[in-house]
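Here is the structure we will look at.
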Amino acid sequence: MQRGVVIIGAGHGGSQVGFSLRQEGYDGPIHLVSDEPDLPYHKPPLSKAYLKDVSQDVQILRAEKAYADARIELALGRKVEAIDRQARAIRFADGATLPYERLVIVTGATNRKLALPGHDLTGLHSIRTRTDAAHLREAMQTAGDIVVIGGGFIGLEAAATFAALGKRVTVIELAPSILGRAVSAVVAAHVDAEYRKLGIRVLTATGIERLEGEAGKVKAVRLSDGTTVPADLVLVGIGATPNDALARDAGLACDNGIVVDATLATADPTIFAIGDVANFPHAHAGRRVRLESVQNASDQAKHVAKTVMGKPDDYRETPWFWSDQGHMKLQMAGLSFGADRHVRTGALGEPAFSVYHYAGDRLLAVDSVNRPGDHMVARRLIAAGISPSEADLAEGPDRLKSLIGR
Amino acid sequence: MSQVTFIERDGTRRIVEVVSGESLMQAGTRAGVDGIIGECGGSCMCATCHVYLTEEDFARIDPPDAMEQDALEFTASNQRPTSRLGCQVKLSAATDGLTVTVAEA
């Protein structure tokens, strides 16, 4: 069998790699391997449009025909058990092997599980795959009281969806603020206030003692202060851990994800890792990061295709993220590590504003709430290394556009 | 039943039967139209569903809102006066017969 490129994992990143390889002129065999049985699909709607509307099916990323046209061999519903670096082959759970010339690992991340008494009750859910979302959507139809554990993007998006469907929703966050790791304090405070207006209870700096059940099914969440919150259903959204076990077992360096260099290659020159599972040195941030986002997975897929084709270059795309939270569109550009100055545009209390994060005079990142124009310009500013002054920000969008030559 | 015609970059014409309520991007990705990617799932963030309409079609459907205009201006390459992001164009009986050209990359 002719050796080609084997891609493990068929999320946004994995499915893009094959198409990008073809665009780069790769002519050999491409195998896209996934332990999920379905054609690759869009993940972001799973906590929003898909949950809200029972008539919605998942949106596939591309039609099956597109893979066939690009001569991308799909191996769906196949679990990879090991990577044999000596033989340059992957081994499936059923013992079959698939040799590779180059291997791209895009195995993503797994939701963290709750480690509390009562974690094994039924009625606990999380969102990662279409199966997770389908189970949640079915179970939520009969739930009146829903508790969301963890005030991150996914939990909050789902909380807004639940509230819109008339559920009584409580969000419980251990940290002093929701969205603590993801956005600036001023954006987090705004989202918190808006959620309260929607009738969602937001409990921050709140620990959980245990989940209480009846006949094996969750009934309530008991907080550290002894009070209880009723719960017909609990959604757990407390972050994710990288699926790096295959790489680690194969002797590749792992440290919060698979360690790759700036070209996205591991220490083994035939193996690459991208997306949620990859820990890479970020050009702008000046440190290693592991990013969980569609943009990161997709752009790294396009980049790694070049590396695989023997055109290695440092990955330096500006990261961007978004989260649609009820009536709020949160958009983040850049990474704010090391920021020491934060400038907000728009008056306090306004429903649309942006926060510009600086280290000294250098613009690092911009968080926007319902300001898509600001976000689009911010992506261009950060990518070009242009740092507007406070006076520029005060002058408004036209001034910022002029800085990027518009 | 309404239809939309996609013209791919190499000139191939693809006629797609529309599922009511879906977007132009969804119809395109579902049918495997080359060059319609919809990386962000339809959140108006990535401009990988950029198409050109005919002037007639552009005028007969709802115009782009401010968010789409910004995404087109700052994210899409090769923008033209009749550019649209497919994810923001909802298809219905009223859009029957739309012909769109996949934008240049």
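For beta carbons closer than 7 Å, sequence separation of 6+ or different chains, a first residue in the stretch A:12-25 that is of a type in the set (Asp, Glu) and a second that is not in a helix (DSSP H, G or I), the qualifying pairs are A:24/A:309. Looking at the stretch A:167-175, is at least one residue charged (D, E, K, R) and free of Cβ contacts under 8 Å to residues at least 12 places away in the same chain? No; the residues of the stretch A:167-175 include none that is charged (D, E, K, R) and free of Cβ contacts under 8 Å to residues at least 12 places away in the same chain.
If you check residue A:55 against the conditions, is it in a loop (DSSP other than H, G, I, E, B) and out of contact with any Asp or Glu (no Cβ under 9 Å at 6 or more places or on another chain)? Yes. Taken as a whole, the condition of being modelled with pLDDT of 95 or more and touching a Phe, Trp or Tyr at 6+ places or on another chain (Cβ under 8 Å) applies to residue A:202.
So which residues in the stretch A:72-94 are farther than 15 Å from residue A:246 by Cα, exposed (fewer than 14 other Cβ atoms within 10 Å of the Cβ) and either in contact with a strand residue (DSSP E or B) (Cβ under 8 Å, 6 or more places away or on another chain) or at pLDDT 95 or above (or both)? Can you show your working first?
Start the filter on the stretch A:72-94 by keeping residues that are farther than 15 Å from residue A:246 by Cα, which leaves A:72-77, A:87, A:94.
After this cut, where a residue has to be exposed (fewer than 14 other Cβ atoms within 10 Å of the Cβ) as well, the list is A:77, A:87, A:94.
A:77, A:87, listed by residue number.
Where strands (runs of 3 or more DSSP E) fall entirely within the stretch A:322-374, those with at least 1 residues that are surrounded by 23 or more Cβ atoms within 10 Å (Cβ to Cβ) and within 14 Å of chain B (Cβ to nearest Cβ) are at A:328-334, A:353-359, A:362-369.
Please verify whether residue A:29 is touching an Asp or Glu at 6+ places or on another chain (Cβ under 8 Å) and either not basic (Lys, Arg) or not assigned by TED's automatic domain parsing to the domain that holds residue A:303 (or both), treating the condition exactly as stated. So residue A:29 passes the test.
Considered as a group, the residues in the stretch B:17-37 that are touching a Gly at 6+ places or on another chain (Cβ under 7 Å) and more than 8 Å from chain A (Cβ to nearest Cβ) include one that is nearest to residue B:97 (Cα to Cα), and that residue is B:24. Take the conditions over 24 Å from the mean Cα position of the chain (by Cα), open to solvent by 30 Å² or more (accessible area, probe 1.4 Å) and among the polar types (S, T, N, Q) and apply them to residue A:56. Does it pass? No. Of the strands (runs of 3 or more DSSP E) contained entirely in the stretch A:85-163, those carrying at least 2 residues that are more than 30 Å from residue A:1 (Cα to Cα) fall at A:109-111, A:145-149. Being at the interface with chain A (Cβ under 10 Å from one of its Cβ atoms) and surrounded by 22 or more Cβ atoms within 10 Å (Cβ to Cβ), is that true of even one residue in the stretch B:46-63? Yes, because at least one residue in the stretch B:46-63 is at the interface with chain A (Cβ under 10 Å from one of its Cβ atoms) and surrounded by 22 or more Cβ atoms within 10 Å (Cβ to Cβ).
The values are calculated or read from the model by the stated rules, or taken from the named source; none is laboratory data. What you are looking at is a predicted structure, and each value in this text was computed from that prediction instead of being measured. Using ideal geometry, Cβ is built from the backbone for each residue, glycine included, and neighbour counts are taken over all protein chains shown. SASA here: full protein model, heavy atoms, side chains in, ligands and nucleic acids out. Shrake-Rupley method; radii C 1.70, N 1.55, O 1.52, S 1.80 Å.
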